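The values are calculated or read from the model by the stated rules, or taken from the named source; none is laboratory data. Being a predicted model, the structure only gives us computed values, none of them experimental. Cβ: placed from backbone, ideal geometry, glycine included. Neighbour counts: every protein chain shown.
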Amino acid sequence: MPARAKIKTLDLKLRAELDRRLIDGSFSNHRGLAEWLSEKGCKITGAAVQRYGSAMERKVVNDAVAYIRGLAEERGRNVDWAEQAVRGAASLSATAALQQKVIDVIARDLPELLARIDGREVRIGNRTVKLATAGLAVVRMMPDWRTQLLAVITNPTVAYGLMLIGIWGLLLEGYNPGAVLPGVAGSVCLLIALFAFQILSVNYAGLALVAVGTAMIISEFFFPTYGSLGVGGLIAFVVGSLILFDTDVPGMNVGRPLIGAFATMGGLMIAGIVYLATRSMRRPVATGTQGMIGESAEVVADFSGRGRVRYGGELWNARSDAALHAGDLARIVRVEGLTLWVEPR
């Protein structure tokens with residue numbers, strides 16, 4: 001067991017990573033961070049991490065307060081309210097904000113805003129600039145085609161669809177080597193999807209569930225599990241899709257109808273596989289001696305008891321409890337070595 005250590009004695013890189021994780025986790029999950037440090041070879045208790053996180057949180061808040069007070073003083077704003085906004089998440093209505101000098105003007109639209117700020121003086125660096133905004137023409141900059149394309153690609157539903165197209169394209173290429181088109185389209189779509197995931201806030205647990213679920217559904221084609229792998233994979237696929245994007249921003253998640261469509265398609269595929277497997281189990285054996293039972297054989301010469309019959313272009317020894325005549329068709333009821341037991345049809 002590693003000796004107990006202090007956070008201030010940690011390696012600089014490890015301490016920087018701990019600081020980042022504390023900030024990302026809103027200074028919580030102290031026990032989890034203690035376990036993470038233990039995996040790194042540092043025996044530090046959750047209470048120690050909590051004390052360190054509390055001190056760090058106070059430093060961060062005080063730094064933010066000092067920064068916002070400096071800005072408020074420089075711009076002639078309400079310094080006390082600025083500090084309250086940082087420490088206590090204070091908020092005001094538009095009218096109250098104007099009265100307490102948190103804002104300068106209230107405007108209904110852009111033309112009114114330009115009219116109200118006309119003639120005001122603002123300080124930029126070491127010089128004072130007087131605004132002349134009356135009658136200014138408003139020029140709206142439209143995004144270029146690259147920005148519009150990026151907006152489409154980074155739509156969570158589009159990125160999710162590209163990922164699925166990429167997976168199934170590569171799968172089809174594996175089933176049909178040399179088809180080229182599925183492999184090329186799948187590779188391009190998968191790379192674009194991974195690029196979109198790099199920009200979006202992706203829950204990697206959800207991404208792993210989608211990948212594992214897809215692999216399990218594919219495995220259902222090759223292993224006789226009678227739906228076990230397929231159903232488990234379908235559940236993992238749906239759950240992973242629902243938690244794929246880790247954000248609460250409206251519209252920044254995968255459309256549920258799309259998830260439902262792919263889940264329905266996967267469920268129908270699994271049901272079809274289970275149906276075909278069950279039907280094949282009920283089908284009579286068509287190979288070996290069991291496949292001969294019930295088939296017809298032609299009697300070569302009259303006999304009663306022992307004789308010979310022709311089956312599959314070959315002559316076989318035959319036995320029968322009934323008399324049979326040359327040219328008759330007899331039904332095979334049992335096979336013993338190289339002898340067929342037959343009966344009249």
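Applying the selection to the range 315-336, what residues are over 60 Å from the mean Cα position of the chain (by Cα) and within 17 Å of THR289 (Cβ to Cβ)?
The answer is LEU315, TRP316, ASN317, ALA318, ARG319, ALA330.
Among ALA89, ALA137, ALA97, ALA115, which is under 48 Å from the mean Cα position of the chain (by Cα) and surrounded by 13 or more Cβ atoms within 10 Å (Cβ to Cβ)?
ALA97
(1) in a helix (DSSP H, G or I); (2) free of Cβ contacts under 8 Å to residues at least 24 places away in the same chain: which one isn't true of GLY240, the others all being true?
Evaluating GLY240 over (1) in a helix (DSSP H, G or I); (2) free of Cβ contacts under 8 Å to residues at least 24 places away in the same chain leaves (2) as the failure.
So which of TRP168, TRP81 ends up being more than 30 Å from ILE192 (Cα to Cα), surrounded by 15 or more Cβ atoms within 10 Å (Cβ to Cβ) and not β-branched (Val, Ile, Thr)?
Only one candidate qualifies: TRP81.
Which one of the conditions (1) in contact (Cβ under 8 Å) with a residue 12 or more places away in the chain; (2) surrounded by 10 or more Cβ atoms within 10 Å (Cβ to Cβ); (3) in a loop (DSSP other than H, G, I, E, B) does PRO143 fail to meet, given that it meets all the rest?
Among (1) in contact (Cβ under 8 Å) with a residue 12 or more places away in the chain; (2) surrounded by 10 or more Cβ atoms within 10 Å (Cβ to Cβ); (3) in a loop (DSSP other than H, G, I, E, B), PRO143 violates only (1).
What's the total number of residues in the range 57-78 that are of a type in the set (Lys, Arg) and either farther than 22 Å from LEU22 by Cα or modelled with pLDDT under 80 (or both)?
Number of matching residues: 3.
When you look at ALA107, is it at pLDDT 85 or above, more than 17 Å from ARG75 (Cα to Cα) and in contact with a Leu (Cβ under 6 Å, 6 or more places away or on another chain), yes or no?
Considered against the rule, which asks whether it is at pLDDT 85 or above, more than 17 Å from ARG75 (Cα to Cα) and in contact with a Leu (Cβ under 6 Å, 6 or more places away or on another chain), ALA107 comes out as yes.
From the set of residues in the range 41-75 that are among the small types (Gly, Ala, Ser) and closer than 16 Å to LEU10 by Cα, which is surrounded by the fewest Cβ atoms within 10 Å (Cβ to Cβ)?
GLY41
Need a quick list: helices (runs of 4 or more DSSP H) entirely within the range 1-116 having at least 1 residues that are more than 30 Å from LEU131 (Cβ to Cβ).
Output list reads 12-24, 30-39, 46-75, 79-88.
One line per residue, one yes/no per condition, for (1) hydroxyl-bearing (Ser, Thr, Tyr); (2) in the same structural domain as GLY267 (by TED's automatic domain parsing); (3) under 14 Å from the mean Cα position of the chain (by Cα):
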residue	(1), (2), (3)
GLY161	no, yes, yes
LEU170	no, yes, no
TYR175	yes, yes, no
GLY186	no, yes, no
LEU209	no, yes, yes
PHE223	no, yes, no
LEU234	no, yes, yes
PHE237	no, yes, yes
LEU242	no, yes, yes
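On the given criteria, is SER280 exposed (fewer than 15 other Cβ atoms within 10 Å of the Cβ), assigned to a strand (DSSP E or B) and at pLDDT below 90?
For SER280, the condition - exposed (fewer than 15 other Cβ atoms within 10 Å of the Cβ), assigned to a strand (DSSP E or B) and at pLDDT below 90 - is not met.
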